[in-house]
Amino acid sequence: MKRNLVIALAALVAAVAFAQTAKAPVTLSIIANQDWVTKPYMKVAWANYEKVTGNKLDIQALPIDNWETVMKTRAAAGELPDIVMTFAGPVLDAMRPADNFFDLSKEPFVKDLKPFVLPQATYKGKIYGLPLWEGSVSGTLYNKDIFKKLNISIPKTQAEFWAACETIKKAGITPIYLAFKDIWPALPQFGLDPIARKYPNFVDKLNSNKLKFTNVPEMTNLVGFYKTLVDKGYLGTDFVSNTWDGQATALGEGTFAMALAWDQYLYSDLEPRYADAAAHFGIMPFFMNVTPEGSYEGPNACMSFVNKKGKNAKVALEFLRFLAKPENLNLAYKDVFTESYFKSVTTNKVSPQVAEARASVDKLILASVQAGIVGYSQVESVKPIQMMMLGQLGVADTVKQIDDIRIKVAKARGLAGF
């Protein structure tokens, strides 16, 4: 009897101890661009976390056209959620990472990062975020069937690209889909990479006011690229109403022949709506009036940052550590057509598009530079180009306005030289 009582008391003590140590489920809030939260690898990573831990994720998806402004406003007001998704580089300045985010420089995953991603992931010598993102190759996606039917060889020069656009237009097909209404999909930053290659210390000189866009002829050519698209009718007659969401339909239905995007887009956005459609597309360089042979852009890493001032700071930090474990990374990237940023990931695949264009990609791919330019915005810096496309600005004035936006931000941050 006494023995049974001891056992019962021991069981009761154990139950009480368990109840005291067991943690109630926590809901972590994540803020991100609405387009980012649909990425297959992000959805898998998040779902795996919820399944294993029992915690929940509250995804706060921001509109594509003003996510950056909303994040900056919330940072200034001290209202950041548990997890923030954005890019590193000067765009992170407004978030005040040293004050708001955990320094992750000594986390185990940092040693797992491949060398090519370190410049993008580093902010003032430190790493504050986890770059769980796609390592895509950006270029001009083109419909192979249309090119074959019209007997168009894959362009290798700017002149051949314009000739292809003219042939496609005469065949009654709109050459290029551009999601004008959402602003950012104009993607002029792709044209900045070859400019940076030509001008030594291009980004540093812009950021120290030793160089302006108005002093760079290639910048005028880049803006002129968009004017040509409109003047020649290569975007169609109703391009102003084109949205990013409508691009998959435009490509999938074959009413448009090309789009500025990246190889992973075919699998994350097009294939879910048009099964097996990716096989009908290839990738070639951007031809944006900057360099005759065109160029591709390498990965631009979006990262997840932990708000160290949040009420769930410790749980949020463990969330990031969970995602960064090799077994969880491999689960997230399994069968995804993308380059991985992590040495331990072996489950990803190279897209057939990049494999087919390997020689061209290896020769012409360049690192993305736009995230390093203080004051360059994928939204605000594109608005003058839109005005020019609508006939409200000339090319020279457009370049000056892009410069003015950049310089205003640099002055507000007190950068030397401004």
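The values are calculated or read from the model by the stated rules, or taken from the named source; none is laboratory data. Values in this document were obtained by computation on a predicted structure and should not be read as measured data. Please note: Cβ atoms are built from the backbone with ideal geometry, for glycine as well, and neighbour counts cover all protein chains shown.
A quick yes/no check of all residues on (1) under 25 Å from ASN348 (Cα atoms); (2) in the same structural domain as LYS363 (by TED's automatic domain parsing); (3) touching a residue at least 24 places away in the same chain (Cβ under 8 Å):
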site: ALA75; (1), (2), (3): no, no, yes
site: GLY78; (1), (2), (3): no, no, yes
site: PRO90; (1), (2), (3): no, no, yes
site: ASP103; (1), (2), (3): no, no, yes
site: GLU107; (1), (2), (3): yes, no, yes
site: LEU113; (1), (2), (3): yes, no, yes
site: LYS144; (1), (2), (3): yes, yes, yes
site: LYS149; (1), (2), (3): no, yes, no
site: THR157; (1), (2), (3): no, yes, yes
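Which is at pLDDT below 95, among the charged types (D, E, K, R) and more than 30 Å from GLU271 (Cα to Cα), of ARG358, ARG413, ARG406, ARG321?
Result of the check over ARG358, ARG413, ARG406, ARG321: ARG413.
Tally up the residues in the stretch 122-145 that are more than 21 Å from the chain's Cα centre (by Cα) and either crowded, with 20+ Cβ neighbours inside 10 Å or at pLDDT below 95 (or both), please. Outline the logic, then answer.
Step one: filter the stretch 122-145 for residues more than 21 Å from the chain's Cα centre (by Cα), giving 125, 143-145.
Checking which are either crowded, with 20+ Cβ neighbours inside 10 Å or at pLDDT below 95 (or both) leaves us with 125, 143.
Qualifying residue count, the stretch 122-145: 2.
How many residues, within the stretch 152-190, are of a type in the set (Ser, Thr, Tyr) and either crowded, with 23+ Cβ neighbours inside 10 Å or modelled with pLDDT under 95 (or both)? First the steps, then the outcome.
As a first pass, look at the stretch 152-190 and keep what is of a type in the set (Ser, Thr, Tyr): 153, 157, 167, 174, 177.
Right, trim to either crowded, with 23+ Cβ neighbours inside 10 Å or modelled with pLDDT under 95 (or both) and you get 177.
Qualifying residue count for the region: 1.
Could you check the stretch 296-323 and list, in sequence order, the residues that are among the β-branched types (Val, Ile, Thr) and closer than 18 Å to PRO25 by Cα?
VAL315
May I ask you to list the residues in the stretch 344-358 that are surrounded by 13 or more Cβ atoms within 10 Å (Cβ to Cβ) and either out of contact with any strand residue (DSSP E or B) (no Cβ under 9 Å at 6 or more places or on another chain) or not acidic (Asp, Glu) (or both)?
SER344, VAL345, THR347, ASN348, LYS349, VAL350, SER351, PRO352, GLN353, VAL354, ALA357
For the stretch 287-309, which residues satisfy the criterion of being closer than 23 Å to ALA94 by Cβ and in a strand (DSSP E or B)?
The answer is CYS302, MET303, SER304, PHE305, VAL306, ASN307.
Could you please give the count of residues in the stretch 361-385 that are closer than 16 Å to ASN66 by Cα and either among the polar types (S, T, N, Q) or free of Cβ contacts under 8 Å to residues at least 12 places away in the same chain (or both)?
3
Looking at ASP204, ASP193, can you tell me which residue is in a helix (DSSP H, G or I) and buried (at least 17 other Cβ atoms within 10 Å of the Cβ)?
ASP193
If I go through the stretch 65-96 residue by residue, how many of them are of a type in the set (Val, Ile, Thr) and more than 28 Å from LEU331 (Cβ to Cβ)?
Quick first cut of the stretch 65-96, residues of a type in the set (Val, Ile, Thr) only: 69-70, 73, 83-84, 86, 91.
From the residues that got through so far, the ones that are more than 28 Å from LEU331 (Cβ to Cβ) too are 69-70, 73, 91.
Residues meeting the conditions: 4.
Run down ASP404, ASP397, ASP362, ASP335 and say which single residue is of a type in the set (D, E, K, R), touching a strand residue (DSSP E or B) at 6+ places or on another chain (Cβ under 7 Å) and surrounded by fewer than 20 Cβ atoms within 10 Å (Cβ to Cβ). Spell out how you get there, then give the answer.
Numbers: ASP404 fails: touching a strand residue (DSSP E or B) at 6+ places or on another chain (Cβ under 7 Å); ASP397 fails: touching a strand residue (DSSP E or B) at 6+ places or on another chain (Cβ under 7 Å); ASP362 fails: touching a strand residue (DSSP E or B) at 6+ places or on another chain (Cβ under 7 Å).
It is ASP335.
Quick check, is ALA324 over 21 Å from the mean Cα position of the chain (by Cα) and either of a type outside the set (Gly, Ala, Ser) or surrounded by 19 or more Cβ atoms within 10 Å (Cβ to Cβ) (or both)?
Spelling it out, it is not the case that ALA324 is over 21 Å from the mean Cα position of the chain (by Cα) and either of a type outside the set (Gly, Ala, Ser) or surrounded by 19 or more Cβ atoms within 10 Å (Cβ to Cβ) (or both).
Return yes or no: is ASP58 under 30 Å from THR347 (Cβ atoms), at pLDDT below 95 and either surrounded by fewer than 20 Cβ atoms within 10 Å (Cβ to Cβ) or not assigned by TED's automatic domain parsing to the domain that holds ALA248 (or both)?
So ASP58 fails the test.
If I filter the stretch 332-355 for residues that are within 30 Å of GLU79 (Cβ to Cβ) and outside the structural domain of SER268 (by TED's automatic domain parsing), do I get at least one hit?
Scanning the stretch 332-355, I find at least one residue that is within 30 Å of GLU79 (Cβ to Cβ) and outside the structural domain of SER268 (by TED's automatic domain parsing), so the answer is yes.
Kindly provide the set of residues from the stretch 378-412 that are touching a helix residue (DSSP H, G or I) at 6+ places or on another chain (Cβ under 6 Å) and outside any helix (DSSP H, G or I), ordered by number.
Once the filter is applied, which keeps residues that are touching a helix residue (DSSP H, G or I) at 6+ places or on another chain (Cβ under 6 Å) and outside any helix (DSSP H, G or I), the stretch 378-412 yields GLN378, VAL379, GLU380, SER381, VAL382, LEU393.
Report whether or not PHE87 is of a type in the set (Phe, Trp, Tyr) and under 24 Å from SER368 (Cβ atoms).
yes
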